[in-house]
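The values are calculated or read from the model by the stated rules, or taken from the named source; none is laboratory data. Remember, predicted model here, so these are calculated numbers, not experimental data. All Cβ positions, glycine included, derive from the backbone under ideal geometry; neighbour counts span all protein chains shown.
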Amino acid sequence: MSHDDEFETADTDSVRREVERDERTGRSAAAARIQHQSSWVDQQIRIAMERGDFDDLAGYGKPIEDLGVEHDPDWWIKKLVERENIAILPPALALRKEDAELDGRLDRINVESEVRRAVEEFNAAVRKAIYTPPTGPSGPPVITRQRDVDDEVAAWRERRTARIEAQRAVREQAAAAEPPRRRWWRRR
């Protein structure tokens, strides 16, 4: 008897046992496990319902969204845009929005060199939008103008100085309104 014959005998014995098991139960062992598993899952759900675990779920009593709607392969990107409130704008409109928000963005910067860099990046984006030919459906024309870096830095300095002076005035008013505090060792 060769080494290969032992393996063949073992294989036929295990197949014989499986066939006997199938003949004895009338169904496969896998089908029996699945049957018991589904009844176990049903029992767990029933117990959780009796405990009230499903009573306060979000969306209780509301219809399921998009039920019965035709399948859309881009559903996940549409949900992401809706959930994250992402606005996808044509380049010209995106530049207009960035132009409107640029002063506020610059005011959050504390270093002049960073302000210069931010204005230069904005100008580079404007140049790119003007000189890049449109792809796909063309949006509105680019009417956003580049900003002069030195003028923007000067305006940023003025706004920053005014903001610092306003904060200083508020602190002085608060200090004047508050009575002087006596130290605990000078109490009488």
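Listed residues E70, E101; which is surrounded by fewer than 16 Cβ atoms within 10 Å (Cβ to Cβ) and assigned to a helix (DSSP H, G or I)?
Testing whether each residue is surrounded by fewer than 16 Cβ atoms within 10 Å (Cβ to Cβ) and assigned to a helix (DSSP H, G or I) leaves just E101.
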Take the range 93-115 and flag every residue that is within 20 Å of I143 (Cβ to Cβ) and β-branched (V, I, T).
none
Inspect the range 69-82 for any residue being of a type in the set (D, E, K, R), free of Cβ contacts under 8 Å to residues at least 60 places away in the same chain, within 30 Å of R127 (Cβ to Cβ) and not assigned by TED's automatic domain parsing to the domain that holds R127 and give the result as yes or no.
no
Which condition number in (1) among the small types (G, A, S); (2) at pLDDT 80 or above; (3) not assigned by TED's automatic domain parsing to the domain that holds V126 is the one that A32 fails?
(2)
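Here's the yes/no breakdown for (1) surrounded by 11 or more Cβ atoms within 10 Å (Cβ to Cβ); (2) farther than 18 Å from A92 by Cα:
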| site | (1), (2) |
| --- | --- |
| D107 | yes, yes |
| R116 | yes, yes |
| N123 | yes, no |
| A129 | yes, no |
| P134 | yes, no |
| T144 | yes, no |
| R147 | yes, no |
| D151 | no, yes |
| A155 | yes, yes |
Just to be sure, is I47 in a helix (DSSP H, G or I), modelled with pLDDT of 90 or more and not assigned by TED's automatic domain parsing to the domain that holds R163?
yes
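Restrict the check to the range 10-20 and report whether at least one residue is modelled with pLDDT of 80 or more, in a helix (DSSP H, G or I) and either exposed (fewer than 10 other Cβ atoms within 10 Å of the Cβ) or out of contact with any strand residue (DSSP E or B) (no Cβ under 9 Å at 6 or more places or on another chain) (or both).
From the range 10-20, those modelled with pLDDT of 80 or more are none; that's our starting set.
Looking through the range 10-20, none of the residues is modelled with pLDDT of 80 or more, in a helix (DSSP H, G or I) and either exposed (fewer than 10 other Cβ atoms within 10 Å of the Cβ) or out of contact with any strand residue (DSSP E or B) (no Cβ under 9 Å at 6 or more places or on another chain) (or both).
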Flagged pairs (Cβ under 9 angstrom, 6 or more apart or on separate chains; first in the range 152-175, under 15 Å from E112 (Cβ atoms) and touching a residue at least 40 places away in the same chain (Cβ under 8 Å); second outside any helix (DSSP H, G or I) and β-branched (V, I, T)) are W156/I109
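Quick grid of which residues meet (1) of a type in the set (D, E, K, R); (2) at pLDDT 95 or above; (3) in contact with a Lys or Arg (Cβ under 9 Å, 6 or more places away or on another chain):
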site	(1), (2), (3)
V119	no, yes, yes
F122	no, yes, yes
I130	no, no, no
P134	no, no, no
P141	no, no, no
T144	no, no, yes
D148	yes, yes, no
D151	yes, yes, no
Which residue pairs have Cβ atoms under 7 Å apart, sit 6 or more places apart or on different chains, and have a first residue in the range 28-56 that is surrounded by 10 or more Cβ atoms within 10 Å (Cβ to Cβ) and a second that is not in a helix (DSSP H, G or I)?
A48/F54
